[in-house]
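The values are calculated or read from the model by the stated rules, or taken from the named source; none is laboratory data. Remember, predicted model here, so these are calculated numbers, not experimental data. We place every Cβ from the backbone using ideal geometry, glycine too, and count neighbours over all the protein chains shown. Keep in mind that these areas ignore ligands, DNA and RNA; they rest on the heavy atoms of the full protein, side chains included. Shrake-Rupley method; radii C 1.70, N 1.55, O 1.52, S 1.80 Å.
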Amino acid sequence: MQFNAISSKVKFCLGSIFALAITSTPVWASSAILKPDDFVGISFWLISMALVASTAFFFLERDRVSPKWKTSLTVSGLVTLVAAVHYFYMREVWVETGSTPTVYRYIDWLITVPLLMIEFYLILSAIAKVPAGVFWRLMVGTLVMLVGGYVGEAGYVAVMPAFIVGMIGWAFILYEIFAGEASKINATSAPKSVQSAFSTMRWIVTIGWAIYPIGYYFGYLTGHSPADSAGTLNIIYNLADVLNKIAFGLIIWTVAVTESENSKH
């Protein structure tokens, strides 16, 4: 019985990954070949595979945690799943054209970054009653940050005003998780393991997400054209996604497993 259950889980994850591969057939249909000195393209390939592996891991680990933590792990798996699909297409754009896949990257972020913000709400909701205002403030800050960045990078408005708007959205998020209601609930209601995870997650949002405005600055505000900065910009963004998606999910997994095991004793 146990073997059959495990086999079913593995089949489910393998089926999910196969479906993921089918959705990205243009990558394998591409006539371009990844060159050994194309370090940006290599980073796209490495990270896309790491995202697929992370997706399988998070979905399989759902059965290891108590019911109240399953949603958090599901969201972590969805974040890496969505990101993996977009990375398949982004790496094709880069290998084929050598240009920055801005539209794909922002479509990815418009889905995955709000899901990452929801994780703050979910881990607090697993241990306390959390007002809906916390959820909506995190969503508003996220959308302001992303829309500001996109309209600047896509050329709809001047890059500096767009940069300022995006930074305001990011600052609003930081206030909520460091000094706002979410931070207060964590400090007063959460056990030690949740407080530790919450603290690490908000430092990722602070330090890890700082990589994006740094990349934006070097790509658009230093006087160089974005095309000249494309290689550096994409490597910066790709490495940031490892920290901000995979590592972020592993923190959720750690606290979910810890709290689930503690509840059994």
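One table, with the values for the structure above:
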item	result
Residue that is farthest from LEU110 (Cα to Cα), among those in the stretch 154-168 that are small (Gly, Ala, Ser) and not in a helix (DSSP H, G or I)	ALA158
Answer residue from the stretch 24-38, given it is part of a helix (DSSP H, G or I) and surrounded by fewer than 13 Cβ atoms within 10 Å (Cβ to Cβ) and is modelled with the lowest pLDDT among those	TRP28
The lone exception for VAL82 - which of (1) surrounded by 23 or more Cβ atoms within 10 Å (Cβ to Cβ); (2) β-branched (Val, Ile, Thr); (3) modelled with pLDDT of 90 or more it fails	(1)
Condition check for TYR104: without any contact (Cβ under 8 Å) to a residue 60 or more places away in the chain, within 26 Å of SER229 (Cα to Cα) and assigned to a helix (DSSP H, G or I)	yes
Residue identified as in contact (Cβ under 8 Å) with a residue 12 or more places away in the chain and over 21 Å from TRP136 (Cα atoms) among VAL113, VAL75, VAL40, VAL93	VAL40
Of all residues in the stretch 176-201 being of a type outside the set (Gly, Ala, Ser) and open to solvent by 40 Å² or more (accessible area, probe 1.4 Å), the one that is nearest to LEU250 (Cα to Cα)	THR200
Verdict on PHE198 being part of a helix (DSSP H, G or I) and under 26 Å from HIS86 (Cβ atoms)	no
Of the criteria (1) open to solvent by less than 10 Å² (accessible area, probe 1.4 Å); (2) free of Cβ contacts under 8 Å to residues at least 40 places away in the same chain; (3) β-branched (Val, Ile, Thr), which one VAL52 fails	(1)
Yes/no for ILE252 being closer than 21 Å to VAL79 by Cβ, surrounded by fewer than 21 Cβ atoms within 10 Å (Cβ to Cβ) and modelled with pLDDT of 85 or more	no
Subset of the stretch 55-78 that is within 24 Å of ALA128 (Cα to Cα), among the β-branched types (Val, Ile, Thr) and assigned to a helix (DSSP H, G or I) - its residue that is most open to solvent (accessible area, probe 1.4 Å)	THR71
Count of the stretch 100-145 residues which are open to solvent by 60 Å² or more (accessible area, probe 1.4 Å) and farther than 18 Å from THR188 by Cα	9
Pair list, Cβ < 9 Å and 6+ apart or interchain, from the stretch 128-153 residues that are within 16 Å of TYR106 (Cα to Cα) to residues that are of a type in the set (S, T, N, Q) and in a helix (DSSP H, G or I)	TYR150/THR102; GLU153/THR102
